[in-house]
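Student: Can you read through this structure? Questions will come right after.
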Amino acid sequence: MINAQIIHYSAAFITLTLAALGGGVGQGIASLATIDAIQRQPCSYQQNFRTLVIGLALIESGIIIALVSTLMIIFSSQPLTIGIACGELGIAAAIGLAGGAVSIASSFVVKAATEGIGRQPFFAAKITTVMLLAQSIMEAPLIIAFIVSLLIRNRINANPELLYGLQGLAAGLTIGLGSVGPSIGQAIFTQAACKSISVNKNAYNKIFPFMLLLEAIIETPFMFCLLIASMILFRPLDGAILSDALILGAAAFAISMGSLGTATGIGFTASKSVISLAQNPDQYSLLLRTTLLVAAFIESAIIYAMIVAIMLIMEV
């Protein structure tokens, strides 16, 4: 029979395992690409080595945050109940999924940056700057996931009943699953941006602002997920446990899938545009307008998902 203690230690296991899996795979992808780049262009060794170390350190941050969250779960001083254990499972979903997704996505940026430096060793500083900016923006879902996990902890400590624990679980799933789409979209786009700079370094001044704007747009679906997670977590509850939990879970799934489709779609569109921008820098205005128009249409998917999620939450 599953009891509170089993769920409690499973949450600790899931938190660190998912983040460590993503971090380990991500660091392996980045390191392999760097070694290949150095092998092709030995004179880029010093620049690529510095870039790799910086990139690996940022990828590692997901594992560190997961470790802190795991220790907070294990050494919680609150008397354990089934409700608290379910809430901790929500923390595991938020931190573990976000940490793993962000780490793997971040590795593709490092991969593209080191490959670009292999092509343009004397342009390494600006390529590394682009990589750092992209990775920093990618870290946002992980930082937000950590903040939400603290809110879940406070919520279940104050209300240790099962229904509130399931509420925390739904909120954690919203953040964790909602971070996957933006991570994929960011990886697709920023990898193309780094490659474009290395192909045509003279287009850097146009690619850089283009990248900043599209990075923010790709990140937008996660903000919708954060809004729904907050509504789920702080929704007053007084109904039947099973039905309320299922409705909140449906809301979490709806907004998460909307985030996945929206962010991935914009990532593919933006990646094609930034490659075209490197080939035709004079078409900056045309490419930007077209990309923004397409992104606006794609964004409608997450808006529809948000409306459905809100309607479901209001049913509780």
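Student: Given the options A193, A295, A19, state which has the largest fluctuation in a GNM of the chain using a 10 Å cut-off (strictly under) for Cα springs.
Tutor: A295
Student: Something else: Pick from P160, P121, P42: which residue has the top mean-square fluctuation in a GNM of the chain where Cα pairs under 10 Å get a spring?
Tutor: Top of the fluctuation ranking is P42.
Student: Say each of V68 and M223 gets a label point 7 Å from the Cα, pointing the same way as Cα to Cβ; how far apart are those two points in nm?
Tutor: 2.4
Student: If the reach is capped at under 16 angstrom between alpha carbons, list the lysines near K111, excluding any in the same chain fewer than eight residues apart.
Tutor: Straight-distance partners of K111: K126, K195.
Student: Using only the alpha carbons of the range 4-314, what is the convex hull's orientation-averaged projected area in square nanometres? List each step's numbers first, then the result.
Tutor: Values: hull surface 60.4 nm².
Mean projected area of the Cα convex hull: 15.1 nm².
Student: Moving to a separate point now. Ranking K206, K111, K201 by Cβ neighbours within 10 Å, fewest first, what do you get? Please report the intermediate quantities before stating the final value.
Tutor: Working: K206 21, K111 26, K201 18.
Ranked by crowding around the Cβ, least crowded first: K201, K206, K111.
Student: Before rounding to the nearest 500, sum -39500 (n - 2.57) across all DSSP H runs of length at least 4 in the chain and divide by the residue total; then give [θ] at 222 nm in deg cm²/dmol.
Tutor: Numbers: 10 runs with 276 residues, N = 316.
Taking each H run of at least 4 residues, the total per residue is -31500 deg cm²/dmol.
Student: Once you place label points 7 Å from the Cα toward the Cβ at V199 and M311, how far apart are they in nm?
Tutor: About 4.3 nm separates the two model spin labels.
Student: Can you figure out the FRET efficiency of F123 with D36, using R₀ = 25 Å and their beta-carbon distance, to the nearest 0.05? Spell out each step's value before the answer.
Tutor: Working: r = 19 Å, r/R0 = 0.74.
Here the calculated transfer efficiency is 0.85.
Student: Could you give the spread of the C-alpha atoms of the range 1-147 along their three principal axes, from largest to smallest, in whole angstroms?
Tutor: Cα spread of the range 1-147 along its principal axes, largest to smallest: 60, 24, 18 Å.
Student: Order the peptides 296-305, 261-270, 44-53 from the highest to the lowest mean number of other Cβ atoms within 10 Å of their residues. Could the numbers behind the result be given before it?
Tutor: Values: 296-305: 17.0, 261-270: 24.7, 44-53: 18.7.
Packing proxy ranking, top to bottom: 261-270, 44-53, 296-305.
Student: Another question, if that's okay. Charges only on Cβ, +1 for Lys and Arg, -1 for Asp and Glu: so what's the dipole of the chain about the Cα centre, in debye to the nearest 20? Before the final figure, lay out the partial values.
Tutor: Numbers: 13 positive and 13 negative charges, 198 e Å.
The dipole of the chain has a size of about 940 debye.
Student: Can I ask one more? Which value, in nm² and rounded to one decimal, describes the direction-averaged projected area of the C-alpha convex hull of the range 136-210?
Tutor: Values: hull surface 22.3 nm².
Over every viewing direction, the Cα hull of the range 136-210 projects on average to 5.6 nm².
Student: Quick check: the angle from helix 241-279's long axis to the longest principal axis of the chain, C-alpha only, nearest 10 degrees?
Tutor: 0
Student: Enumerate the residues in the range 58-91 having an amide nitrogen under 15 Å from the point lying 7 Å beyond the Cα of D238 toward its Cβ.
Tutor: Backbone N within reach: none found.
Student: Given H placed 1.01 Å from N in the peptide plane, which residues other than close sequence neighbours of V316 have an amide H under 5 Å from its amide H?
Tutor: So V316 has HN proximity to no qualifying residue.
Student: Quote to one decimal, in nm, the extra length available between V25 and A250 on full extension: 0.36 nm per residue of separation minus the C-alpha distance between them.
Tutor: Working it through step by step, the gained length comes to 77.9 nm.
Student: Between 0 and 90 degrees, rounded to the nearest ten: what's the tilt of helix 180-199 against the longest Cα principal axis of the chain?
Tutor: 10
Student: Taking the 0 to 90 degree range and rounding to the nearest ten, how far is the long axis of helix 82-119 tilted relative to the main principal axis of the chain, both from C-alpha atoms?
Tutor: 0
Rule-based calculations on the coordinates, nothing more; no lab input. Please read all numbers here as calculations on a predicted model, not as lab measurements. Here Cβ is always computed from backbone atoms with ideal geometry, including for glycine, and neighbour counts include all displayed protein chains.
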